[in-house]
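K.L.:
Encoded as structure tokens, here's the structure I'll be asking about.
Laboratory data are not the source of any read-out in this text; all were calculated from the coordinates shown. Owing to the predicted nature of the structure, the values given are computational and were not obtained by experimental measurement. Don't worry about glycine lacking a Cβ; one is built from the backbone with ideal geometry, like all the others, and counts go over all protein chains shown.
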Amino acid sequence: MMASTSYPSSSSIHFTCLRCPSGSPCISSASPFLKFFNSTIPGPYLKKHPQILSSKPPRRRSFVTSSSTRAQMAATEEKPISQDRMLVFVPPHPLIKHWVSVLRNEQTPCPIFRNAMAELGRLLMYEASRDWLPTIMGEIQSPMGVASVEFIDPREPVMVVPILRAGLALAEHASSILPATKTYHLGFSRDEETLQPTIYLNKLPDKFPEESRVLVVDPMLATGGTIVAALNLLKERGIDYNQIKVISAVAAPPALQKLSENFPGLHVYTGIIDPTVNDKGFIIPGLGDAGDRSFGT
């Protein structure tokens, strides 16, 4: 069950902040997955048994609770959340809090900072992909007998769009947690005076396949100019907002306000929400310039 979290600075921001349930990610190397999948469930089987499951809505999970806990949950039960409202997820996993803390520390050296960004991205992508990936069912032979199985369908890769350059660090482990991905890079620079973004690299295709699932990876959602520009480029290429999930290390109210106004139904996954942005466009307390600290330049 997802519990709504109040946010003191969001009274005028039309989104809902949720603390989503966390599990311990089971990560394996993804590079040989497609070869393994094809050897395990060959093409003729897929043609004969095309049991493709489309993206499913979040499932309700069962918990064993005490009577007092159930009373508290009933007292705080909310009405169903509108599908037209942007949702912001702040997973309460202790590892997410740990890596955010490492990133915040001004004494964290560049290599450790970049590793912390990559680990945080891994955890956030794990949370964002929950109940979102297309799967295929079948049967395989285990050492002890026939087993019904469910694989991520490698024929429908998740499109990963890191926003350069700090997005490269946050998206570094995308291919290790997601069995099938395609990566398209976007590069933006921000004018230090106007804080307006300018695109200098666009590797997006002219058109995305229908029903594409897209992860947009932008570590710092500060003023919102860059992420809004990136999502508009995706919209021009046929991507609906409900097909997009945004991955961010730190978010702030100005960016969330813009996203809420322009992209109803969008889902944002972030490590933490900070209260404000200064006049130079930096999140406070934030973690500094994520690109400079990731790459040392």
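K.L.:
Which of the pairs Lys182/Lys235; Lys182/Lys245; Lys245/Lys280 have their Cα atoms more than 24 Å apart in this structure?
P.N.:
Exceeds cut-off: Lys245/Lys280.
K.L.:
Using θ = phi - 60° and the Karplus form 6.51 cos²θ - 1.76 cosθ + 1.60, what ³J(HN,Hα) does each residue of the range 133-148 get, whole Hz, x for Gly and Pro?
P.N.:
Using θ = phi - 60°, the values come out as 8, x, 10, 9, 10, x, 10, 9, 8, 8, x, 10, x, 7, 10, 6 Hz.
K.L.:
What would the Debye formula give as log10 I(q)/I(0) at q = 0.13, 0.18, 0.19 Å⁻¹ for the alpha-carbon point model of the range 142-297, no solvent?
P.N.:
-0.61, -1.10, -1.22
K.L.:
Continuing with this model, one more query. Treat each spin label as a single point 7 Å out from the Cα along the C-beta direction, and report the Asp292 to His98 distance in nm.
P.N.:
So the label points at Asp292 and His98 sit 2.9 nm apart.
K.L.:
To continue, here is another question. Averaged over every viewing direction, what's the projected area of the C-alpha convex hull for the range 93-190? Give it in nm², one decimal, please.
P.N.:
8.9 nm²
K.L.:
Another question about this same structure. What does the C-alpha gyration tensor say about the overall shape of the range 168-239? Classify as rounded when a/c is under 1.5, otherwise prolate if a/b is larger than b/c, or oblate.
P.N.:
oblate
K.L.:
Can I ask one more? Could you grab the relative contact order for the range 196-297? Cα pairs under 8 Å, six or more apart, rounded to a whole percent.
P.N.:
Once normalised by length, the contact order is 26 percent.
K.L.:
Still on this structure, please answer the following. Counting alpha carbon pairs within less than 8 Å and at least 6 residues apart, what relative contact order, in whole percent, applies to the range 127-222?
P.N.:
Across the range 127-222, relative contact order equals 27 percent.
K.L.:
Out of residues 5 or more away from Phe89 or on other chains, whose amide H comes under 5 Å of its own, with H placed 1.01 Å from N in the peptide plane?
P.N.:
Residues meeting the amide H criterion: Leu18, Val268, Tyr269, Thr270.
K.L.:
Something else about it: Mind ordering 162-175, 222-235, 138-151 by average Cβ neighbours within 10 Å, highest first?
P.N.:
Going from most to least packed, we get 162-175, 222-235, 138-151.
K.L.:
Ok, one more. What list of ³J(HN,Hα) couplings, whole Hz, do you get for the range 120-128 from phi and the Karplus terms 6.51, -1.76, 1.60, once you set θ to phi - 60° and write x for glycine and proline?
P.N.:
Each residue of the range 120-128 in turn: 4, x, 4, 5, 5, 5, 4, 5, 5 Hz.
K.L.:
Filter the GluC sites (Glu not before Pro) in the range 202-283 down to the DSSP loop ones having no more than 13 other Cβ atoms within 10 Å, then list what survives.
P.N.:
Taking the range 202-283 and a limit of 13 other Cβ atoms within 10 Å, the loop GluC sites (Glu not before Pro) found are Glu210, Glu211.
K.L.:
With Cβ to Cβ distances under 10 Å as the rule, what net charge do the other residues near Ala166 carry (K, R +1; D, E -1)?
P.N.:
0
K.L.:
Which value, in debye to the nearest 20, gives the size of the charge dipole of the range 117-180 about its Cα centre, when Lys and Arg are +1 and Asp and Glu are -1 at the Cβ?
P.N.:
The dipole magnitude comes to about 220 debye.
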